[in-house]
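Visitor: A single structure is presented below for examination.
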Amino acid sequence: VQLQASGGGLVQPGESLRLSCATSGNTLSIIYWNWYRQAPGKERDMVARIDTHDSASYVDSVKGRFTISRDRFKGTLNLEMNNLKPEDTAVYYCTARSRDRHYWGQGTQVTVSS
């Protein structure tokens, strides 16, 4: 499975961004699709996850602000981020988990600053 994230950038607090991840390869093997992020000096943490039934879950800090979704026709994994805060600044990674492997794409930088 190959993953290519895009859509990061520099925004001001309160603004929105949409991240997209192009997916290809044996995507039928994937059980969970995820977005992780890593802030400077911190560990990489999962932000949002969606399963094959489109059931989504989020870390508490982004609930009500972020929305994860999949477009099966376009083969993309998306993360809509609203009301962004400076603490959302991080490198964001799209990932895909099968029964025995965890695939990672390259990261895309999101910076929230006034």
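Visitor: Where the accessible area of the chain is counted over protein heavy atoms with a 1.4 Å probe, how much of it, in %, is carbon and sulfur?
Guide: On the chain, the fraction of accessible area on carbon and sulfur atoms equals 46 percent.
Visitor: Calculate the length of the line joining the C-alpha centroid of the range 1-55 to that of the range 96-114, in whole Å.
Guide: 5 Å
Visitor: Give me the net charge for the shell around V1: Cβ to Cβ below 11 angstrom, other residues only, Lys and Arg +1, Asp and Glu -1.
Guide: It works out to a net charge of +2.
Visitor: For N83 and M46, what does the FRET efficiency come to when R0 = 22 Å and r is the distance between their Cβ atoms, rounded to the nearest 0.05?
Guide: Taking R0 as 22 Å, the efficiency between N83 and M46 is 0.65.
Visitor: So how far apart, in nm, are the two label points at S55 and F73 if each is 7 Å from Cα heading toward Cβ?
Guide: Each label point is offset 7 Å from its Cα along the Cβ direction, giving 2.7 nm.
Visitor: Under 8 Å for C-alpha pairs, at least 6 residues apart: give me the relative contact order for the chain, rounded to a whole percent.
Guide: Over the chain, the number comes to 37 percent.
Visitor: Would you mind calculating the gained length between R65 and D100 on full extension (0.36 nm times residue separation, minus the Cα-Cα distance), in nm to one decimal?
Guide: Value of the extension gain: 9.5 nm.
Visitor: Relative contact order of the range 1-52: what whole-number percent is it, with Cα pairs under 8 angstrom and at least 6 residues apart?
Guide: 29 percent
Visitor: Here is a follow-up. What does the net charge come to around V59 if you take all other residues with beta carbon closer than 14 Å to its beta carbon, with K and R at +1 and D and E at -1?
Guide: Local charge sum for V59: +2.
Visitor: Let me ask you something else. Hey, could you pull the Cα Rg and Dmax for the chain, both in Å?
Guide: My reading of the Cα-based Rg and Dmax gives 13.3, 42 Å.
Visitor: Per residue, how many Å² of accessible area does the chain show with a 1.4 Å probe?
Guide: 56 Å²
The values are calculated or read from the model by the stated rules, or taken from the named source; none is laboratory data. Since the model is a prediction, treat every value here as computed from it, not as a measurement. Glycine gets a Cβ as well: all are built from the backbone with ideal geometry, and neighbour counts include every protein chain shown. Areas reflect the complete protein model, heavy atoms only, side chains present, ligands, DNA and RNA absent. Shrake-Rupley method; radii C 1.70, N 1.55, O 1.52, S 1.80 Å.
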